[in-house]
Each structure stands twice: as structure tokens, then as C-alpha cells.
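Colleague: Structure in C-alpha cells, see below.
Each value in this text was obtained by applying a stated rule to the coordinates, not by laboratory testing. Bear in mind the structure is a predicted one, so any value in this text is a computation, not a measurement. Cβ placement follows ideal geometry from the backbone for every residue including glycine, while neighbour counts extend to all protein chains displayed.
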Amino acid sequence: MSSGVAFRELSFAYGRGFHLGPLSADIGPGVTCLVGANGAGKSTLFRLLAGLQTPTTGSVQIDGQDAVGYLPQSPDFPTGATCTEFLTHVAWLQSVPRRARRDAVAHALDSVGLTSHAHTKIRALSGGMARRLGIAQALVHDPRVVLLDEPTVGLDPVQRIAAREVLEKIATDRAVVVSTHLVEDVRGLAARILLLSDGQLVFDGDIPALEREARPSAPGETPLEQAMATLIIGGQR
Amino acid sequence: MSVHARYALRTLAGPWAALVVVGVDLGIATMRHAPYLGEGMWTVRWMALGLWILWPVVAAVAAVDAARLTRPGSRHLPFTTRRGRVEYVWAASWTAVPAIAVHTAVIIVALAIGGVGHPRVGWAPIALAVVAQGSTFLWFAAVGSFIGRCTPPLLAGILAAGASLAFSYVLTNVGAAAPEFEVLGDQGASVSQIGVTWNLTHLAVQSVILVATAAVMLVARPVERSARIVPGPAWVSAALATVVVVAVAPRAVAGAPLSAEPEPPDDCTGTQPVVCIYPEHRRHAEPTLAALDALLDAARDAGYASFVPTRVEESSRRYDAADGHGVMSLPILEPGQVDTPGLVQRLLMPGWCPALSADTPPPDAYFAAMQSLTFTWTSVVGEPYDPMAAGLRQLSPDEVGRIQSAWSACDLTAEP
């Protein structure tokens, strides 16, 4: 396994309904986009990788450390606390040593461009800044693997660009897995794309390879959109 | 203030429960003028009178805090971080520790104001009793946190408060003197505690059970299944273990929670008669002693020699020195105005006679004689007592002597 996360024959069943997997992949440094329609299983896969849920079968291996950095799809952070207070608490939960905690928090804030808002209460942050704080709390213990579940959803175009810049910056030396269904995120970020459809991994490759999957008859204005539509619709058949 | 403390104060409801504890405790501390504040044991047990109000509050806020940590957008912290399990303990501790701290502080202040320098029962039992009370706060914070992990915040608070009220009735002796061990027992007393002491085994076992089961509940996490939090094996096991321990403990711990240790009063003054009271009650003895002096002086001046004893001793639980042969008993001294007829009746009461503590009441003649004796003695101090407007008459010294002589031999049939 390269520096990152690997999963083998990973599956999860919701009773007799939706079934995810079995899935296998190695994910190394850089940004990997996990793409799929709503309900394809992206968030379920993230919860399995983060350790929130126990898989029905298979296993997950995290390189180097036991705790990934994880941003849930709809984060619910304590709005009465300041950014520094919240990140210090998360650093404590992540076993960052007391002496290193202050620097870890400052570094995480710097990574997402929130240094000037270190002592701002979370309730006073804009939507974009709150998303960046969510990324910072996933980074504060300097994990090798960061899982971000739809980190750009709900952001305006400017905020989305800023968030993508942050993700590119933090992905230079760690595996950053981003769940998204936004085509512009994929085009702007992804070195690698995993495409889920109806619980199955239907594509694993880079953007040029994905674009080659496009059928001209598929809905979409660009080859990337047509390719994603082709695979998603194909996977649901 | 540290970053951690600020974070806790800004994000948790738990620490603020301490304000409720302070309010209730101060209300209890000043209630009824805290009649026996000089007694160490009484002070500790008096301060426990408000616990049944505080337990649901502590449990409810701990439940709300735990439930908020478990919301879908927050639960990755307790469930995926390296110290995730500790976050529930951390939140519950921020409920329990401030509550314990302020409750203990109020008790210490009350002991200091009462001038308790050398408590009759000793400092170790008092400390252990405070630990037992503190353990109840920890236990209810753990109960609340335990419930809150599996429920939404509002429901968690309601369920935890309701469960706590139920526990406070099932597991405690509020309102009744239980003869056996109870997990939340020995909480609260309003009467003077001179003459009894704690069963230390009970207090120790109680503290151990509460702390141990609280620990079990605090470390047990539910599990996430299909994106929902449900009680998992650890949570269910912790619940069962707690129920079993709490149910079995009363059957495993022998003896009564309190034991009698009758002690005579040792703060004595005067000669004719010698008057002995408990030093803990010296602070509010003056009105009663002044009334006693007035009664004795008036009796002497009017020739009622049998009304004048050689010794007067304050009574307490299980201690009554009156013997019908020159020793009379004072009631337990309390702050407030003196009820002269009540004081007279207590001085005259033949407590040494078994008939007064028998299942059947004493003969009517006893009550008639007591009324006449009381009317006689209060009349000589200018406060005639005739509550039934029965036309009582003042007895002569000989008649008084005859009745008291009969009573000294426990003949309660002597008529005025």
C-alpha cells in the first residue's frame, strides 16, 4: 500500500435494502474524488473508512496512523466556541501532545487561511469559512489520510474556488479523499476519480480516462459530464 | 482560564448546572434558620435534603450534552478520534465535577458558620458522607450521559430527568427511615443528629457502587448502524451490569445505615440545678435557659419545691436523663421563640416510664394531671395555660408533689 488508505473486499448492507460493495482500492497522496449520484454510497463508504461504521465484510488499512481526518457531510460544530477553542479540543481528542497543541492549531488554521479568524466565534463565520474550519479540524493532528464528505456543497463560486485551493495545498503530502457530485470540483481537483453507482465502483482512473467513457448520446455539455452520466446511468441499470 | 475550560463553558450545558446546585443548596442552608447548624452530622445530612431536586437537573443537562455530541454532524469526534471515547466522559465530568465542587463548598461553609471544630462523629465519617453525596452527582451525570448518547437532545433531557426522579424514589429512603442499605439512601435529615452516627460500611459501599457503575456507564458507547446511533452490545451490557449491581447491593450489605450512640450533654453550668446542654446548641440556648430560670425562680418563690430539680439535661435522640428523682429533661434546643407550656411539659414528662412508649396510650388521668401541672407552673410565671378552656385550677404544692411522686414510680393514674 502506498502512503494513504487501502480497502479490500469492503462491503456494507443496510438490512435487505441498499448494499455497498464489495469494493477494493489503494488511495495514495493527492486528491482523489469519490463521485456518484445521491444515494450511490459515497457517505457510507466514508463512514466505513473513517471507522464510524463497521463493515459487513472486508477491511480498511490506514497508513501510518490509526485516526484519519474526517469532515462529515453536514458538520454540526459548537457555534459558541471560537475557532481556536474548537480546534484545541479536537487536537486534544486526537492525542496531539499538550506542548504541540498550540502549534498544531495554528498550523491547521494557516492551512485553510483562517489565521485571522482564530479567535472568531464559529457562529460568526461565513459558510465558506465554516467549511474551511471543518477541513482544519480534519487536519489538526496532521493525518496521512483526510476524508472530506462534500466539502464544497452549499458554497458560492468564489468560496468553492478558495476551498479547492485549500484542498490542493493540503494534498501535497497526504491522501485527500473528497466526496462530491459537482463536476467542477472533479475537474478542478482530482488527480484520480473513483465513481460509485448503486453501491458499486464502476470507474477508477484519471480525468482523461474518464472522459473516454463518454457516450455522445449521454446527457451533459462536456465530455466529463457525459462520461459521468454514462457510468452512473449504466451502473444503475 | 484555559482554552479547554473556556470551550467547555461555551459549548456544554453541564457546567451551568452548578448554578442550580448553588441556588438550591443556599435555599436549603437557610431553610428554617438551619436549626442545628452546629452539628457536623446534621449539617451534612441537612444539605442532602435538596439532592432529589438536583439529581434530575444534573442528569438532564448531562443527557443534553451527550446527545449533542452524538448528533450526525458531531459524532465523528467521539467515534473516530483517538480519544473519542473520552469525549463523553469529558462532557459528563463537566457536569458532575462543578456540581460536586459547589455542593461540597456549601457544606464546608455551613460547617464553618456552624463552628463545627470537633464534630461529635469525627471528621472521617463526615468526609465519607460528603463523598457519598458527591458520588450521587457523578452517578446521575453518568445516567444522563448514558441515556443521551442514544437519543436526540430534547428527548434525552426529558428521559434523563424522568428516569432520575424514578431512581430517587426507588433507590433512596427520602421520606422514610429505611432499616437497610439503599444505593441512594441516607440522603437528608431534618432533626438533630446527636445520638446517632453513620454506618461507615454503608457509606463506603454506597460510594464504591455509585462510582463503579458510573464508570461503567461513562465508558460504554452505543454504535452507529445504518447512519443511526443504536444501543450496541457495550451499551446494553453496561445497562444490565448497572441494574444488576444496584438490585443486588441492598441484599448484600448488612445492617442499618445509622447506628445509635446515645451521649449525655457535656456543656454544664449552674449548681441548683446543674443545667447541661450539648455544646453544638449553645448558640441558641439562651432563650430556653432564660425561660427555665424564670420557671425555676417562680416555682421556688411560690413554694413548689417538687418543680425544682437538682439537674436538668438537654435530651437528644435516644438520650433522656429524666428519672423522676431530681433530674429533668430539656427538649432539643432550637432557634426561635420559647414555648413556655411546651417547655414545662417536657420538663415534667415522665420519660422513664415504659407506658409512655407503649403501643397503647397512657390513661386519661395522666393527660388531665399533665394539663393541671402545666397550668399550675405557667400560672406562677404569669402565663396560665388552658388551651381547652377547661377551667383548670392551680394546684397546691402538696397536690403537685403527690402527682410527681406517683409519676416517679410510674403510676400514671394519679389525678389532680
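Colleague: Counting only DSSP beta bridges with both residues in chain A, what percent are antiparallel, rounded to the nearest 5?
Modeller: 45
Colleague: Something else about it: Compute the distance in nm between two label points, each set 7 Å from the Cα along the Cα-to-Cβ direction, one at A:Asp110 and one at B:Ala101.
Modeller: 3.4
Colleague: Kindly provide the helix-only [θ] at 222 nm of chain B, computed as the sum of -39,500 (n - 2.57) over DSSP H runs of four or more divided by all residues, to the nearest 500 deg cm²/dmol?
Modeller: Rounded to the nearest 500, the figure is -18000 deg cm²/dmol.
Colleague: Something else about it: Under the Kirkwood approximation for Rh and a Cα-based Rg, what ratio Rg/Rh is obtained for chain A?
Modeller: 0.98
Colleague: Report the percentage of all Cα-Cα pairs in the protein assembly as shown whose separation exceeds 47 Å, rounded to a whole percent.
Modeller: 42
Colleague: Okay, moving on. For B:Glu415 and B:Ala252, calculate 0.36 nm times their separation in residues minus their Cα-Cα distance, and state this gained length in nm to one decimal.
Modeller: Taking 0.36 nm per residue and subtracting the Cα distance, the gain is 53.3 nm.
Colleague: In 5 Å bins starting at zero, report the fraction of Cα pairs in segment B:290-364 per bin as a rounded %.
Modeller: Result, from short to long distances: 3, 14, 24, 25, 18, 11, 4, 1 percent.
Colleague: Right, here's the next one. Taking a spot 7 Å from the Cα of A:Ile233 along the direction of its beta carbon, which residues of segment A:195-215 have an amide N less than 11 Å from it?
Modeller: Once the point is set 7 Å along Cα→Cβ of A:Ile233, A:215 turn out to lie under 11 Å by backbone N, inside segment A:195-215.
Colleague: While we're on this one: Out of residues 5 or more away from B:Arg225 or on other chains, whose amide H comes under 5 Å of its own, with H placed 1.01 Å from N in the peptide plane?
Modeller: So B:Arg225 has HN proximity to B:Val230.
Colleague: If you take every DSSP beta bridge whose two residues both sit in the protein assembly as shown, what share of them, in percent to the nearest 5, is antiparallel?
Modeller: Working: 27 of 53 bridges.
In the protein assembly as shown, approximately 50 percent of DSSP beta bridges are antiparallel ones.
Colleague: Between helix B:233-252 and chain B, what is the angle of the helix's C-alpha long axis to the longest principal axis, kept within 0 to 90° and rounded to the nearest 10?
Modeller: The two axes meet at around 20 degrees.
Colleague: How high is the FRET efficiency from B:Arg71 to B:Asp339, r the C-beta distance, R0 56 Å, rounded to 0.05? Please list the in-between numbers first.
Modeller: Values: r = 60 Å, r/R0 = 1.07.
My answer for the efficiency is 0.40.
Colleague: Now for a different question. Debye sum, Cα scatterers, segment B:3-260, no solvent: what log₁₀ I/I(0) at q = 0.13, 0.16 1/Å?
Modeller: Those come out to -0.79, -1.12, one per q.
Colleague: What does the charge add up to near B:Leu395, with Lys and Arg as +1, Asp and Glu as -1, over the other residues with Cβ less than 12 Å from its Cβ?
Modeller: Computed value for this residue: -1.
Colleague: Please report the spacing between the Cα centers of segment B:1-54 and segment B:282-350 in Å, no decimals.
Modeller: What the calculation gives is 38 Å, centre to centre.
Colleague: Report, to two decimal places, the Cα Rg of segment B:267-408 normalised by 2.2 N^0.38 Å (N = number of residues).
Modeller: The value comes to 1.01.
Colleague: Additional query: Suppose we take every Cα in segment A:1-129 and form the convex hull; what volume per residue is that in Å³?
Modeller: On the way: hull volume 17.9 nm³, N = 129.
Spread over its residues, the Cα hull of segment A:1-129 gives 139 Å³ apiece.
Colleague: Using the beta-carbon distance between A:Ala191 and B:Ala166 and R0 = 56 Å, what value does 1/(1 + (r/R0)^6) give for FRET efficiency, to the nearest 0.05?
Modeller: Calculated value: 0.45.
Colleague: Starting with the fewest neighbours, write out A:Asp204, B:Asp398 ranked by other beta-carbon atoms found within 10 Å of each beta-carbon. Intermediate values should be presented prior to the final figure.
Modeller: Values: A:Asp204 17, B:Asp398 11.
By the 10 Å Cβ count, ascending: B:Asp398, A:Asp204.
Colleague: Same structure, new question: Can you sort B:Cys410, A:Cys33, B:Cys150 from fewest to most other Cβ atoms within 10 Å of each residue's own Cβ?
Modeller: Working: B:Cys410 14, A:Cys33 25, B:Cys150 22.
In increasing order of surrounding Cβ atoms, one gets B:Cys410, B:Cys150, A:Cys33.
Colleague: Let me ask another. Can you tell me the 0 to 90 degree angle between the C-alpha axis of helix B:153-170 and the longest principal axis of chain B, rounded to 10?
Modeller: 40
Colleague: Obtain the nm distance between the two label points defined at B:Val244 and A:Ser126 by a simple spin-label model: each point lies 7 Å from its Cα along the Cα-to-C-beta direction.
Modeller: Simple spin-label model gives 5.8 nm for this pair.
Colleague: Give me A:Ile27, B:Ile277, B:Ile194, A:Ile233 ranked fewest to most by other Cβ atoms within 10 Å of their Cβ, as a rough exposure proxy.
Modeller: A:Ile233, B:Ile277, A:Ile27, B:Ile194
Colleague: Gain in length, B:Arg83 to B:Ile158, computed as 0.36 nm per residue apart minus the alpha-carbon separation, to one decimal in nm?
Modeller: That pair, B:Arg83 and B:Ile158, stretches by 24.2 nm at full extension.
Colleague: What angle, in degrees between 0 and 90 and rounded to the nearest 10, separates the Cα long axis of helix B:123-148 from the longest principal axis of the Cα atoms of chain B?
Modeller: With rounding to tens, the tilt is 40 degrees.
Colleague: Output ³J(HN,Hα) for segment A:170-183: one whole-Hz value per residue in order, computed from phi by the Karplus curve 6.51 cos²θ - 1.76 cosθ + 1.60 with θ = phi - 60°, and x for Gly and Pro.
Modeller: For segment A:170-183, the Karplus curve yields 7, 8, 5, 10, 8, 7, 10, 9, 10, 8, 7, 10, 9, 4 Hz.
Colleague: Take B:Ala112 and B:Ser405, extend 7 Å from each Cα along the Cα→Cβ direction, and tell me the distance between the two endpoints in nm.
Modeller: Simple spin-label model gives 5.9 nm for this pair.
Colleague: Let me ask something else about it. With r as the distance between the Cβ atoms of B:Ala124 and B:Arg300 and R0 = 51 Å, compute the FRET efficiency 1/(1 + (r/R0)^6) and round to 0.05.
Modeller: Taking R0 as 51 Å, the efficiency between B:Arg300 and B:Ala124 is 0.60.
Colleague: Using the 4.7 Å Cβ rule, please list in number order the cysteines from chain B without any candidate partner.
Modeller: So, B:Cys150.
Colleague: If you find the alpha carbon centre of segment B:130-157 and of segment A:110-141, how far apart are they in angstrom?
Modeller: 32
Colleague: Taking a point 7 angstrom from the Cα of B:Glu286 along the C-beta vector, which residues in segment B:335-379 have backbone N less than 15 Å away?
Modeller: B:335-338
Colleague: Continuing with the same structure: What share of the DSSP beta bridges in segment B:267-408 is antiparallel, in percent to the nearest 5?
Modeller: 35
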